[in-house]
Amino acid sequence: MANFEISFTIGDSIYLAKVDQAGNIYTVQPEDIYLQQTYGAVVMLEANGDFAWRNPGPEYYKFALAIAVALKKHLGITNEI
């Protein structure tokens with residue numbers, strides 16, 4: 001299991017999150033209290049350089065997508081052939 005931190009951007013704001021990695025499963029906990037209360041931790045599954053997560057609505061999608069982009073950058077995933 002790997003643990004690390006990432007930063008991600010929503011709008012003009014930059015947020016920090018702690019990531020726990022177990023194989024290809026990433027549990028991401030934002031450090032911002034509002035984001036914790038609104039969205040909680042995000043569990044993402046990585047396969048072939050892409051991430052999947054549950055999506056209860058458009059605001060959550062923007063939140064999770066911002067994290068997925070930051071994870072790809074942190075992990076060096078480019079999806080280029």
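Computed values, structure above
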| item | result |
| --- | --- |
| Hits in the stretch 1-60 - residues which are within 14 Å of LEU71 (Cα to Cα) and acidic (Asp, Glu) | GLU5, ASP20, GLU46, ASP50 |
| Residues of the stretch 61-81 that turn out to be open to solvent by 60 Å² or more (accessible area, probe 1.4 Å), part of a helix (DSSP H, G or I) and touching a helix residue (DSSP H, G or I) at 6+ places or on another chain (Cβ under 9 Å), as a count | 0 |
| Hits in the stretch 45-68 - residues which are farther than 19 Å from LEU16 by Cβ and aliphatic (A, V, I, L, M) | LEU45, ALA47, ALA52 |
| Selection from the stretch 1-60 of residues that are open to solvent by less than 50 Å² (accessible area, probe 1.4 Å), touching a residue at least 60 places away in the same chain (Cβ under 8 Å) and either assigned to a helix (DSSP H, G or I) or under 13 Å from LYS72 (Cα atoms) (or both) | ILE6, PHE8 |
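The values are calculated or read from the model by the stated rules, or taken from the named source; none is laboratory data. Everything numeric here is computed off the predicted structure, so don't read it as measured data. Because the Cβ atoms are built from the backbone with ideal geometry, glycine has one as well, and the counts that use them run over all protein chains shown. Just so you know, the surface numbers come from the protein's heavy atoms only, side chains and all, with ligands and any DNA or RNA stripped out. Shrake-Rupley method; radii C 1.70, N 1.55, O 1.52, S 1.80 Å.
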